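Novice: Just dropping this structure here.
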Ligand SMILES: [Zn+2]
């Protein structure tokens, strides 16, 4: 079943020609390599951990099959590899000494480093996945920190990907849980695209949509089994992550797989949340941040959908619409890092519309709202359900678990909108003048986050009630 879907997806992909997911799939590496690159020499690129987990075995199998091998390039296991540009420069220096095809053996960070390095050396590459931890394997572009900013640097996706379920099964629990959260985030990112489509901001591309959305429910319906190491659940997760990447590849944009929940994650990432701390000394994963963002956006959606956006006072909304200059000032006030501030101003102004254009957009919204509301409802799940699924998979589901202060979490609802020009539910709520009011409701004592905060029990046994912000601030300062 999965194989057929992947075959069909590969027909839509521009760079990736082979994907093999299965138990014992490492055995297929030499054959896949030959089909993809003929008799070219190969070089395994890994880090100390992934070299042990699969890199050695990949090298051995390639050697035995008669491929010419260049000595493996292995990044140290400690400290954990970080996706920063200096690592690309190191690897590039080594790749330029020969003409071997890189075989990346690793997960997100390693794959991104090899992807961009190979691209800069004008060489294709292949990837052997070691964890079902995110959907970037088959995506174009690499997420790299350069000049103090996390950026997506353009580069081709791998020509081939092999994922051995036996290897994925032995990845850390947190990595598999991270992949689950990244995939579950497509529930809200899909809703965002429905909105952008209905408001004629960005039309839905049927192929890109189908690859990510058609089987999303099936890929994500067994979080507890996944956590327990069930092979079928890992296989479905990996299939989802690979198809999600192929969706981005086919549409040449991450719109297919990334919405407001990713903007939450990216903002936190750029501000260094969880670097070098958290779980077992490894940085807080992309998926874990996306997971918390997904709960946050699903909760916002519930409040947005309760309202009748077909019955707005368009005239008064246009009267109070900020000028470009006022908007720029407000964006600058919300950011403290100069790089982030510059990027946010650029992205926000790129999606700025005049009051006249706002009137047109809101009139369109009035016409499409009943149908759009229904479509979005079908696409979404209740925030509480998403929270339960993430919990069952072993993911964090709220700010405290990822080391974020409640007040910073609350501010993310407004700040995340500014860092990307992509139109999401945050923009819909902003355009219709309800963003602030909805966020207020979410954090009120009986609101979604107010209730979550109240359920956290303090170390001394008393419960957090009333003003969650001051309570949690106090808790944080205690550490
Ligand atoms: Zn993601």
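Novice: When you scan region 196-217, do you find a residue that is over 18 Å from residue 138 (Cβ atoms) and within 16 Å of the ligand (Cβ to nearest atom), even just one? Talk me through it step by step, then tell me what you get.
Specialist: Of the residues in region 196-217, the ones over 18 Å from residue 138 (Cβ atoms) are 196-204, 206, 217.
Applying the additional criterion that residues be within 16 Å of the ligand (Cβ to nearest atom) yields none.
Within region 196-217, not a single residue is over 18 Å from residue 138 (Cβ atoms) and within 16 Å of the ligand (Cβ to nearest atom).
Novice: If you don't mind, there's one more thing I want to ask. Looking for whichever is in contact with a strand residue (DSSP E or B) (Cβ under 8 Å, 6 or more places away or on another chain) and away from the ligand (no atom under 15 Å from the Cβ) here; the options are 239, 315. Which one fits?
Specialist: Details: 315 fails: in contact with a strand residue (DSSP E or B) (Cβ under 8 Å, 6 or more places away or on another chain).
Of 239, 315, the one residue that is in contact with a strand residue (DSSP E or B) (Cβ under 8 Å, 6 or more places away or on another chain) and away from the ligand (no atom under 15 Å from the Cβ) is 239.
Novice: Look through 390, 312, 362, 372 and report the one residue that is more than 18 Å from residue 431 (Cα to Cα) and crowded, with 17+ Cβ neighbours inside 10 Å. Write out each step before concluding.
Specialist: Details: 312 fails: more than 18 Å from residue 431 (Cα to Cα); 362 fails: more than 18 Å from residue 431 (Cα to Cα); 372 fails: more than 18 Å from residue 431 (Cα to Cα).
Selected residue: 390, the only one of 390, 312, 362, 372 that is more than 18 Å from residue 431 (Cα to Cα) and crowded, with 17+ Cβ neighbours inside 10 Å.
Novice: From the residues in region 351-372 that are free of Cβ contacts under 8 Å to residues at least 60 places away in the same chain and in contact with a helix residue (DSSP H, G or I) (Cβ under 8 Å, 6 or more places away or on another chain), which one is nearest to residue 331 (Cα to Cα)?
Specialist: Taking the candidates together, the pick is 352.
Novice: If you don't mind, there's one more thing I want to ask. Checking the structure you have, find out if any residue of region 63-78 is at pLDDT 95 or above and closer than 17 Å to residue 18 by Cβ.
Specialist: Within region 63-78, one or more residues are at pLDDT 95 or above and closer than 17 Å to residue 18 by Cβ.
Novice: Only helices (runs of 4 or more DSSP H) wholly contained in region 116-219 count here; list those with 1 or more residues that are in contact with a strand residue (DSSP E or B) (Cβ under 8 Å, 6 or more places away or on another chain) and either touching a residue at least 60 places away in the same chain (Cβ under 8 Å) or crowded, with 22+ Cβ neighbours inside 10 Å (or both). Spell out how you get there, then give the answer.
Specialist: Details: elements: 165-169, 173-184, 186-198, 206-213, 216-219.
It comes to 165-169.
Novice: To continue, here is another question. Name the residues in region 255-274 that are within 12 Å of the ligand (Cβ to nearest atom) and either surrounded by fewer than 24 Cβ atoms within 10 Å (Cβ to Cβ) or not in a helix (DSSP H, G or I) (or both), would you? Give the steps one after another, and end with the answer.
Specialist: Pass one, region 255-274, residues within 12 Å of the ligand (Cβ to nearest atom): 256-259, 261-266, 269.
Within region 255-274, 257, 258, 259, 266, 269 qualify.
Novice: Please list, ordered by residue number, the strands (runs of 3 or more DSSP E) wholly in region 6-100 having 2 or more residues that are closer than 30 Å to residue 206 by Cα and under 26 Å from the mean Cα position of the chain (by Cα).
Specialist: On the way: elements: 18-22, 42-47, 69-75.
Because the criterion is at least 2 residues that are closer than 30 Å to residue 206 by Cα and under 26 Å from the mean Cα position of the chain (by Cα), the strands (runs of 3 or more DSSP E) in region 6-100 that meet it are 18-22.
Novice: Considering only region 220-229, state which residues are part of a helix (DSSP H, G or I) and surrounded by fewer than 18 Cβ atoms within 10 Å (Cβ to Cβ). Steps first, please.
Specialist: Taking region 220-229 as the starting set, the residues that turn out to be part of a helix (DSSP H, G or I) are 223-227.
Answer for region 220-229, where residues must be part of a helix (DSSP H, G or I) and surrounded by fewer than 18 Cβ atoms within 10 Å (Cβ to Cβ): 224, 225.
Novice: Test residue 404 against the criterion of being part of a helix (DSSP H, G or I) and either under 30 Å from residue 230 (Cα atoms) or touching a residue at least 24 places away in the same chain (Cβ under 8 Å) (or both), and give yes or no.
Specialist: Working: part of a helix (DSSP H, G or I): no; either under 30 Å from residue 230 (Cα atoms) or touching a residue at least 24 places away in the same chain (Cβ under 8 Å) (or both): yes.
Against the criterion (part of a helix (DSSP H, G or I) and either under 30 Å from residue 230 (Cα atoms) or touching a residue at least 24 places away in the same chain (Cβ under 8 Å) (or both)), residue 404 does not qualify.
Novice: Assuming residue 398 fulfils every condition listed in (1) assigned to a helix (DSSP H, G or I); (2) under 29 Å from the mean Cα position of the chain (by Cα) apart from one, which condition is it?
Specialist: (1)
Novice: Which residues, taken from region 29-47, are surrounded by fewer than 18 Cβ atoms within 10 Å (Cβ to Cβ) and touching a helix residue (DSSP H, G or I) at 6+ places or on another chain (Cβ under 9 Å)?
Specialist: Residues of region 29-47 that are surrounded by fewer than 18 Cβ atoms within 10 Å (Cβ to Cβ), as a first pass: 31, 34-35, 38-41.
Selection gives 40 alone.
Novice: Might you let me know whether region 85-101 holds any residue that is more than 17 Å from residue 248 (Cβ to Cβ), touching a residue at least 12 places away in the same chain (Cβ under 8 Å), within 16 Å of the ligand (Cβ to nearest atom) and touching a strand residue (DSSP E or B) at 6+ places or on another chain (Cβ under 9 Å)?
Specialist: no
Novice: Residues being more than 10 Å from the ligand (Cβ to nearest atom) and either out of contact with any helix residue (DSSP H, G or I) (no Cβ under 6 Å at 6 or more places or on another chain) or assigned to a loop (DSSP other than H, G, I, E, B) (or both): count how many of those fall in region 242-254. Talk me through it step by step, then tell me what you get.
Specialist: Restricting attention to region 242-254, the residues satisfying the condition of being more than 10 Å from the ligand (Cβ to nearest atom) are 242-243, 246-247, 249-253.
Applying the additional criterion that residues be either out of contact with any helix residue (DSSP H, G or I) (no Cβ under 6 Å at 6 or more places or on another chain) or assigned to a loop (DSSP other than H, G, I, E, B) (or both) yields 242, 249, 252-253.
The number of residues fulfilling the criteria is 4.
The values are calculated or read from the model by the stated rules, or taken from the named source; none is laboratory data. Fair warning: this is a prediction, and the values are worked out from it, not measured in the lab. Please note: Cβ atoms are built from the backbone with ideal geometry, for glycine as well, and neighbour counts cover all protein chains shown.
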